[in-house]
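*Asks:* Once you've had a glance at the structure underneath, I'll fire off some questions.
No value in this document is a laboratory result; all are computed from the given coordinates. Everything quoted here is computed from the prediction, not taken from an experiment. Here the Cβ positions follow ideal geometry from the backbone for every residue, glycine too, while neighbour counts run over all protein chains shown.
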Amino acid sequence: MKLRKSDLDEQQERKLLEIESRGYWLAFWGLLVTLLVELLVMKDLRAIVGEWTLFMGLALYLAISCIRAGIWDRRMDMSRKTCLLASLVGALCAAGFMFGFSYLRFQRPLGALSVGAIIGLIGFGVCYPALRLTARATKKRQDELNAEPDDDFDEEETHTP
């Protein structure tokens, strides 16, 4: 199948990219909210395997594409502090969600609090190293993309008679 040349000018192309970007993020966050609500209200969790697979596919695609492009974020840097804060926020969200999930299912506040605390610790323990490794991989890729071309190759071309 041949891909046709775009009939859009640069301004229309940029606008289309903005629309597609907003659509992607709307789908991503909407799918996450839908999954969380379904987890809270559904008894049979096997019913959300398709949505979970799609969500994880979107997340992996975004992460891998950004690392390959050497892009971390528009506003945040790749520091340890940023990774620590993001991990804490993620762990607190996971702990709060699991507390609510456990409490709604079993009506035992102490047990739900224990589950929330354990999930929070596990979430932080997984999220922080994952973010640090991702930041390191992104930094390495940025360095590769910003590296100067090999000078030996240029010298050979200029000295050849």
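*Asks:* Express the C-alpha Rg of the range 74-147 as a ratio against the empirical globular expectation 2.2 N^0.38 Å, rounded to two decimals. Walk me through the intermediate numbers first.
*Replies:* On the way: Rg = 16.5 Å, N = 74, 2.2 N^0.38 = 11.3 Å.
Taking the Cα Rg and dividing by 2.2 N^0.38 Å, one obtains 1.46.
*Asks:* Sticking with this one: Using +1 on the beta carbon of Lys and Arg, -1 on that of Asp and Glu, and nothing else charged, what's the dipole of the range 59-122 about the Cα centre, debye to 20? Kindly include the intermediate steps, with their values, before the conclusion.
*Replies:* Values: 7 positive and 2 negative charges, 4 e Å.
The dipole magnitude comes to about 20 debye.
*Asks:* Same structure, new question: For the range 82-121, what is the Kirkwood estimate of the hydrodynamic radius, computed as the reciprocal of the mean inverse distance between distinct Cα atoms, to one decimal in Å? Don't jump to the answer; show the numbers that get you there.
*Replies:* Values: mean 1/r = 0.1002 Å⁻¹.
One decimal place: 10.0 Å for the Kirkwood radius.
*Asks:* Then there's this: With Kirkwood radius over Cα pairs in Å in mind, check [x] 17.7; [y] 18.7; [z] 19.8 and report the label derived from this structure.
*Replies:* Calculated Kirkwood radius over Cα pairs in Å: the matching label is [z].
*Asks:* Sequence gap at least 6, Cα distance under 8 Å: using those rules, report the relative contact order of the chain to the nearest whole percent.
*Replies:* Working: 90 pairs, mean separation 35.3, N = 161.
Computed value for the chain: 22 percent relative contact order.
*Asks:* Sticking with this one: If you take every residue apart from Arg68 with its C-beta less than 12 Å away from the C-beta of Arg68, what net charge results, scoring Lys and Arg +1 and Asp and Glu -1? Let's see the in-between values first.
*Replies:* Working: positive: Lys140, Arg141; negative: Glu144.
For residues surrounding Arg68, the net value is +1.
*Asks:* So how strong a dipole does the range 33-139 carry about its Cα centre when Lys and Arg Cβ are +1 and Asp and Glu Cβ are -1, to the nearest 20 debye?
*Replies:* On the way: 12 positive and 5 negative charges, 75 e Å.
About 360 debye.
*Asks:* Taking neighbour counts of Cβ atoms within 10 Å as a proxy for exposure, in what order, fewest first, do Asp143, Asp44 appear? Mind dumping the intermediate values first?
*Replies:* Working: Asp143 10, Asp44 6.
Lowest count first: Asp44, Asp143.
*Asks:* Let me ask another. Could you give each residue of the range 63-76 its phi-based ³J(HN,Hα) in whole Hz, using Karplus coefficients 6.51, -1.76, 1.60 with θ = phi - 60°, and x for Gly or Pro?
*Replies:* 5, 5, 5, 5, 4, 4, 8, x, 10, 9, 6, 6, 10, 9
*Asks:* Right, something else. What list of ³J(HN,Hα) values in whole Hz, one per residue of the range 125-136 in order, does the Karplus curve 6.51 cos²θ - 1.76 cosθ + 1.60 (θ = phi - 60°) give from phi, with Gly and Pro shown as x?
*Replies:* Each residue of the range 125-136 in turn: x, 8, 5, 4, x, 5, 5, 5, 5, 5, 5, 5 Hz.
*Asks:* Mind checking the dipole of the range 18-87: about its Cα centre, +1 per Lys or Arg Cβ, -1 per Asp or Glu Cβ, Debye to the nearest 20? Let's see the in-between values first.
*Replies:* Values: 8 positive and 7 negative charges, 57 e Å.
Roughly 280 debye, rounded to the nearest 20.
*Asks:* Which one of Ala47, Gly23, Tyr61 is farthest out on the positive end of the charge dipole of the range 11-69, using unit charges on Cβ (Lys, Arg +1; Asp, Glu -1) and the Cα centre as origin?
*Replies:* Among Ala47, Gly23, Tyr61, the one farthest towards the positive end of the dipole of the range 11-69 is Tyr61.
*Asks:* For all pairs of alpha-carbon atoms in the range 11-69, what percent lies in each bin of width 10 Å, listed from the first bin to the last filled one?
*Replies:* P(r) for the range 11-69, in whole percents per bin: 20, 40, 27, 11, 2.
*Asks:* Work through the residues other than Gln12 whose Cβ is under 13 Å from its Cβ and net out their charges, Lys, Arg +1 and Asp, Glu -1.
*Replies:* Working: positive: Arg14, Lys15; negative: Asp7, Asp9, Glu10, Glu13, Glu18, Glu20.
Taking every other residue near Gln12 into account, the sum is -4.
*Asks:* Sequence gap at least 6, Cα distance under 8 Å: using those rules, report the relative contact order of the range 74-147 to the nearest whole percent.
*Replies:* The normalised contact order for the range 74-147 reaches 35 percent.
*Asks:* Can you put Tyr61, Tyr128 in order, fewest other beta carbons within 10 Å first?
*Replies:* Values: Tyr61 11, Tyr128 18.
Starting with the residue having the fewest Cβ neighbours, the order is Tyr61, Tyr128.
*Asks:* Excluding Ser114 itself, calculate the net charge of residues whose Cβ lies under 15 Å from the Cβ of Ser114, where each Lys or Arg counts +1 and each Asp or Glu counts -1. Could you put the intermediate results ahead of the total?
*Replies:* On the way: positive: Arg105, Arg108; negative: none.
Spelling it out: positives minus negatives among the neighbours equals +2.
*Asks:* For the range 38-47, in order, what is each residue's ³J(HN,Hα) by Karplus, 6.51 cos²θ - 1.76 cosθ + 1.60 with θ = phi - 60°, in whole Hz (x at glycine and Pro)?
*Replies:* Each residue's phi maps through the Karplus curve to give 4, 4, 6, 9, 8, 8, 9, 6, 5, 6 Hz.
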